[in-house]
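Structure first, commentary second.
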Amino acid sequence: MTNINIRGGIGNIIEPDTNARPQDNLYLAVNSEWLKKAEIPSDRSRTGSFDKIDENLEKQLMKDFSEFAQASKELPEVKNFDKAVELYKIANNFEKRNADGAKPIQLDLKLLEGLRDLNDFNLKAADLTKAAFTLPFNFSVQTDMKNTKVNALHFSGPGLFLPDTTVYKTDSAKQLLDVFEKQSVNLLHMAGIDETVAKKYVQDAISYDARLAEVVKSTEEWADYPAMYNPTDISDFEAKFSSFKIDQYLNELFPEKPNRIIVAEPRYLDNVEKLINNNLFDEIKGWLIVEFINDVACYLSQDFREAAFPFSQALSGQPELAAGEKQAYRIASGAFSEVVGVYYGQTYFGSEAKADVLDMIHNMIDVYEKRIAENEWLSQATKDKAITKLRALILKVGYPSKIKEYYNRLQIMTEKTGGTLYSNMSKISQASLQYELEQLYKPVDRTVWLMPGHLVNACYDPQRNDITFPAAILQKPFYSLEQSRSTNYGGIGVVIAHEISHAFDNNGAKFDEFGNMKNWWTEQDAIEFKKRTQAEIDLFDGIEYGPVTLNGKQIVSENVADQGGLTAAVEANKIEHGDMKELFENFARVWANKQYSESIKTQVAVDVHAPGPERANVQSQCQEEFYKAFDVKPEDGMWLDPEKRVVIW
């Protein structure tokens, strides 16, 4: 048996095989014992290395919040943390939540039900936006991609009921929408709406959702960052609307209307008149009401929480709803994410670990610079620009030194003063939106972190040219002072270099050292880079993973970053004469994953990352050092012919 050339190795990668050899399936050789024993918690849809850290972190912070709420533990000296604890107490008071039932939402529900026609909607649309209702279009304030010192107003369409446009074309679409329909009718009826009326609202909403699904972008389309940048003169933008009074709406939203807007979804804008007109008013109204009830049910009684679970369950396979106390923690932690992240970082993240991780980051940057300098397919002009960008990277490790001013504005209304969980969450959403809109005429704050300290993740921001490593990810199996350097390189080392590689993936490569979208490539280099990026698309496209088939184009930027990340970690380990087997084994270990098939389907529809097990195996198959470390031969399952291996960075 020769030249097997199976992407991802032989065997079923999601089923344990304790006899698997690393030469045939690295991921299964490392993780099969774990896969056999691992149990998915009843209130989650999967478990794995990332998830296990998150489970343990959540358990610890839930204990802390419980003790703070009972005053058995002194509040930390973290500004606004007391507000997070107050919100937790309100969210955790199920006696009151259950007694209140649907009362907290009645005024807002009646406001939506009272909409008479499109003229009435035109009059109230800006107020609905300010009150944080979801409308069938979206305005946001974000950094201007071509001038990252300033913010700009962006426009896009709304989200859909199903996770992605592609899901509507699958066999499960009708079944999922049936679950959603039944759930929505039930929720509206529980909220006091006559069942016949509720059914009409939901049918109208689903009809409108089908129209939106024909027009809004798919996840694959959203994965193309530069395609979001379509600056448009405000008068040209407004000319696309006729029935909806966009000029009036924007004037009510902003004290000074901007003279340009960046259209993220041109196709939606071209169809906006077909989607928002008086003939479709009933559908629009139904959609607004159904969006609202599904969004807010989780803030009401336990009965409402349970009634809002079937659709989520159908998408995730999760057997049980999370306990009320856990939901209370998640609500408080989400609403005050940066505040809770600073508390977590200050309490559980050591200075010794931070210094060691910073040392690894600087090592990775040095390795990257060496690899770019010695690159054989780039011209010197492009190399110089790439190294300039690399050296300009801003490093964010652990947690931020300051908390956004926005949190100072949040005021929690206690139950004694008439506050409910819903009223508080509504006010928080309104404050968040108001804060965002205010940024339109303010300079970009480059010190802002995209992730809180207690999030098990990491990221690169092309518009700020910074990399962020929250404290939460800096633990086993990704990182530990007790692990060997080679093991750490296979974990956090790859993660670090992965985020650096995003500066040079198919999206990041279009931004300069200041985060501005600008071409810094020679024409010939750009052609060669596109060719290699296409090879990365082809490498993953069509791989069967459990119940799904991977879309190489949708996941290409993350795969380019994985390729660069693993290559740089291998190089750093090589320089330090580290054990390559340890590196590759831990690289496979961090992608350990056990997941329900429903969750796999949903994740692959909306995620720009390949499933972890495929990341572990396919990227390892492209590394020369992997073949040397495990003596992989052409007849082995992990063998890929040299010409099929993708090398970019």
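The values are calculated or read from the model by the stated rules, or taken from the named source; none is laboratory data. This structure is a prediction, so every number in the text was calculated from the model and none was measured. All Cβ positions, even for glycine, are placed from backbone atoms using ideal geometry, and neighbour counts span all protein chains on display. Note: accessible area is taken over every heavy atom of the protein model, side chains too, but ligands, DNA and RNA are not part of it. Shrake-Rupley method; radii C 1.70, N 1.55, O 1.52, S 1.80 Å.
Listed values, structure above:
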{"quantity": "Sequence ranges 331-337, 105-111, ranked by mean other-Cβ count within 10 angstrom, highest first", "calculated": "331-337, 105-111"}
{"quantity": "Which listed pairs, of Lys385/Lys531; Lys83/Lys103; Lys169/Lys404; Lys124/Lys200, have C-alpha distances above 32 Å, in listed order", "calculated": "Lys169/Lys404"}
{"quantity": "Spatial extent of region 303-360: Rg and Dmax, with the Cα atoms as the point set, Å", "calculated": "17.5, 51"}
{"quantity": "Shape of region 118-195, Cα gyration tensor, a/c cut at 1.5", "calculated": "oblate"}
{"quantity": "Label zone at Lys182, where the point sits 7 Å out along the Cα-to-Cβ direction: region 288-306 residues whose backbone N lies under 19 Å", "calculated": "294, 303-306"}
{"quantity": "15 Å Cα-Cα reach of Lys37 towards aspartates and glutamates, excluding residues that sit fewer than 8 places from it in its own chain", "calculated": "Glu15, Asp17"}
{"quantity": "In Å, descending, principal axis extents of the Cα set of region 378-505", "calculated": "63, 42, 22"}
{"quantity": "Accessible area in the full protein assembly, largest first, 1.4 Å probe, for Val197, Val30", "calculated": "Val197, Val30"}
{"quantity": "Kirkwood Rh, Cα atoms: Rg over Rh of region 257-303", "calculated": "1.17"}
{"quantity": "For region 556-605: rounded, prolate or oblate by the Cα gyration tensor [a/c cutoff 1.5]", "calculated": "oblate"}
{"quantity": "Exposure of Ser156 as accessible area (Å², to 10), given a probe of 1.4 Å and all protein chains", "calculated": "20"}
{"quantity": "Charged-residue dipole, Cβ positions (Lys, Arg, Asp, Glu), the chain about Cα centre, Debye nearest 20", "calculated": "940"}
{"quantity": "FRET E, pair Leu358, Phe514, Förster distance 25 Å, beta-carbon r, rounded to 0.05", "calculated": "0.65"}
{"quantity": "Global form of region 1-141, assessed from the alpha-carbon gyration tensor, a/c cut-off 1.5", "calculated": "oblate"}
{"quantity": "Per residue, the convex hull volume that the Cα atoms of the chain enclose (Å³)", "calculated": "154"}
{"quantity": "Highest-first arrangement of 356-363, 589-596, where packing means the average Cβ count within 10 Å", "calculated": "589-596, 356-363"}
{"quantity": "Contour excess over end-to-end distance, with Cα ends at Lys37 and Asn98 and 0.36 nm allotted per residue", "calculated": "18.1 nm"}
{"quantity": "Region 534-640 - charge dipole about Cα centre, Lys and Arg +1 at Cβ, Asp and Glu -1, debye rounded to 20", "calculated": "240"}
{"quantity": "When region 543-649 is reduced to its Cα atoms, the Kirkwood hydrodynamic radius in Å", "calculated": "14.8"}
{"quantity": "Size of electric dipole in region 1-115: Cβ of Lys, Arg +1 and of Asp, Glu -1, about Cα centre, debye, nearest 20", "calculated": "120"}
{"quantity": "Set Lys476/Lys581; Lys149/Lys442; Lys149/Lys383; Lys370/Lys553 screened for pairs whose C-alpha atoms are more than 20 Å apart", "calculated": "Lys149/Lys383; Lys370/Lys553"}
{"quantity": "Residue among Met228, Ile261, Ala239 farthest towards the positive dipole end of region 217-292, charges placed on Cβ", "calculated": "Ala239"}
{"quantity": "Listed residue (Ile496, Gln302, Tyr88) projecting farthest to the positive dipole end of the chain, Cβ model", "calculated": "Tyr88"}
{"quantity": "Accessible-area composition of the chain, carbon plus sulfur, in percent [1.4 Å probe]", "calculated": "49"}
{"quantity": "Spherically averaged projected area of region 282-385 from its Cα convex hull (nm²)", "calculated": "14.0"}
{"quantity": "Per-residue SASA entry for Phe292, accessible area with 1.4 Å probe, Å² rounded to 10", "calculated": "10"}
{"quantity": "Among beta bridges that DSSP assigns inside the chain, antiparallel share in %, nearest 5", "calculated": "75"}
{"quantity": "For the chain, with +1 on Lys and Arg beta carbons and -1 on Asp and Glu, the positive-most of Asn56, Asn138, Ser429 along the dipole", "calculated": "Ser429"}
{"quantity": "Paramagnetic label zone (point 7 Å from Cα along Cα-to-C-beta, Gln411; backbone N under 18 Å) in region 83-108", "calculated": "83-87"}
{"quantity": "At R0 = 35 Å, FRET efficiency that the Cβ-Cβ distance of Asn251 and Ser429 yields, to 0.05", "calculated": "0.95"}
{"quantity": "Beta bridges by DSSP in region 335-479, antiparallel share as percent, to the nearest 5", "calculated": "40"}
{"quantity": "Principal axis box of region 349-451, alpha-carbon based, largest edge first, Å", "calculated": "68, 37, 20"}
{"quantity": "Estimated 222 nm signal from helices in the chain, with DSSP H stretches of n ≥ 4 weighted -39500 (n - 2.57), rounded to 500", "calculated": "-15500 deg cm²/dmol"}
{"quantity": "Set of aspartates and glutamates with alpha-carbon distance to Lys73 below 16 Å, sequence-local pairs under 8 removed", "calculated": "Asp64, Asp82, Glu86"}
{"quantity": "Efficiency of FRET from Cβ geometry, Ser401 and Glu74, R₀ 25 Å, rounded to 0.05", "calculated": "0.65"}
{"quantity": "Per-peptide average of other Cβ atoms within 10 Å, ordering 559-568, 144-153 highest first", "calculated": "559-568, 144-153"}
